[in-house]
Amino acid sequence: MKKIIYSILAILVFCALSIGTFFISDHYAQRWQSNKLFKAKLYDVEGKTWSIKSLKDKLGIIYFGYTFCPDACPTALNNLTIALEKIDKNKLQFKPIFISVDPNRDKPEIIKDYLSSFNTIILGLTGTDRDLKSFTFNIGATYSLSREDPEDEDYLVNHTVGFFMINSEGVRLPIPYRNNSEDLGQAIVRIKSILMSNSNFKKFSSIF
Amino acid sequence: MIQNQLLSINILILIAMACVYTTSDIDAKSYTYKKVRASNPWARATSKLAKTGVVYITSIHNTGERAVKIIGFSTNIANKVQLHKTVTENNITKMQYIKSLKIGPGKSIHIKPGGLHIMLMGLKRPLKENNQFPLIIKFETLGNLETMVNVKNFSWRQKKPLKHKHMHH
Ligand SMILES: [Cu+2]
């Protein structure tokens, strides 16, 4: 008889605990979700969805651009690959990411083809215009189409220059614009140390 | 004795190689028409599916005593060619279409990465490394300067050109 009571008690305690954790985790989950960075659905060149959680213990270095851009974008990405080869030879710390803000023309296979020209593997991402708008806005970047004639397929896109460093918890900082790989590498190292020293107490309040 | 001879032959070969490198560098890449000279027009190689490309010209020099004005470009490799300028304002980068560009007497302009660029839109085929294609620079009243553009590898940090550069010093 005692055994049965104990078992029932154990089950009750177990239920109470699981309901409790469910509510607590749900509470945190909502806080997470309030951050639009986690909500925005981006996908990679294979069509798989990607979120900043996929970064795991790496720091993402994000560049917003479009493959139609033959001058500023390749120059910036090229500087980034050279800088990373120097400061992160074994590719353990950083993940270079190119996010196309021109999903209308930049289909996954076009982004894949564009990124194949670089020496380093760069993760290519894009999304719907809505997801991109929310992601860029929440990270502190922006873009807009420069298109007078809606029929014009050769339109240009104005976009934020430079890079953003971000971790899997959404803590992020812009990397000041540098036009050569050496200065860019130094800026990355500096921003990394600032971000690391901030990321612990910012863990649950990733908007700043 | 034989060693000495071998050594001098080696040196001669090296000198000859250096000459070939430097002359090909200067001769093959400079184009003159009347009072204007375009030096080293080059394009970045593109990936297979690219719809745009870019041409840079190390310098366009006006040796005359009157200003000249670039009013356009033409090429058979793309549907549209425009002179653009990459400008950054308030942290936003954009490309501006430059309709015409004046070069004063004795002055030069430089069309290089991150600034002015000749944008090729509607590429008819991808630009492959070591290929060439014609590009005409149109000047107001003066006429057309015909050039050939060399397609270079995307990244300008390859092993070979570094060695090549050393030959000049
Ligand atoms: Cu352009």
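The values are calculated or read from the model by the stated rules, or taken from the named source; none is laboratory data. As the structure is a prediction and not an experimental result, all values here were calculated from the model. A quick note on method: Cβ atoms are made from the backbone with ideal geometry, for glycine too, and the neighbour counts reach across all protein chains shown. The protein model used for the area step is the full one, side chains on, heavy atoms only, and it has no ligands, DNA or RNA in it. Shrake-Rupley method; radii C 1.70, N 1.55, O 1.52, S 1.80 Å.
Here are a few things to note about the model shown:
- Inter-site label distance for A:GLU85 and A:MET196 at 7 Å from Cα along Cβ, in nm: 2.4 nm
- Computed with a 1.4 angstrom probe on protein heavy atoms, the B-A interface buries about 2400 square angstrom of accessible area in total.
- In the structure shown, the pairs B:LYS69/B:LYS128; A:LYS58/B:LYS94; A:LYS41/A:LYS91; B:LYS51/B:LYS128 are assessed against 19 Å; a Cα-Cα span above that value is assigned to B:LYS69/B:LYS128; A:LYS58/B:LYS94; A:LYS41/A:LYS91.
- A simple spin-label model places pseudo-atoms 7 Å from Cα toward Cβ; at A:PHE137 and A:THR120 they are separated by 3.1 nm.
- Amide H partners (placed H, <5 Å) of A:SER116, local residues excluded: none
- Take every Cα pair under 8 Å whose residues are at least 6 apart in sequence, average their separation, divide by the length of region A:34-130, and the relative contact order is 35 percent.
- Sites A:ASP152 and B:LYS124 - FRET efficiency at Förster radius 25 Å, r taken between beta-carbons, to 0.05: 0.85
- Whichever lysines have a C-alpha closer than 29 Å to that of A:LYS3, once near sequence neighbours (fewer than 8 apart) are set aside: none
- With R₀ set to 51 Å, the beta-carbon distance separating A:LYS56 from A:LYS3 gives a calculated FRET efficiency near 0.65.
- Sulfur and carbon atoms: percent of accessible area, region A:39-201 [1.4 Å]: 51 percent
- Antiparallel %, DSSP beta bridges [both residues in region A:39-201], to 5: 65 percent
- Net charge over other residues, Cβ less than 11 angstrom from the Cβ of A:THR67 (K, R count +1; D, E count -1): 0
- Phi to ³J(HN,Hα) by Karplus 6.51 cos²θ - 1.76 cosθ + 1.60 over region B:88-96, Hz, x for Gly, Pro: 10, 10, 6, 6, 9, 9, 8, 9, 10
- Shown in residue order for region A:155-171 are the 3J(HN,Hα) couplings computed by the Karplus curve 6.51 cos²θ - 1.76 cosθ + 1.60 at θ = phi - 60°: 5, 10, 10, 8, 8, 4, 8, x, 10, 10, 9, 8, 10, 5, 9, x, 6 Hz (x for Gly and Pro).
- Value of relative contact order over region B:29-152, rounded to a whole percent, pairs C-alpha under 8 Å and six or more apart: 35 percent
- Within the same chain, aspartates and glutamates fewer than 8 places from B:LYS80 are excluded, and of the rest, those with a Cα less than 13 Å from its Cα are A:ASP152, A:GLU153, A:ASP154.
- Working note: Karplus 6.51/-1.76/1.60 with θ = phi - 60° gives region B:100-110 the couplings 8, 9, 8, 10, x, x, x, 9, 10, 10, 10 Hz, where Gly and Pro are set to x.
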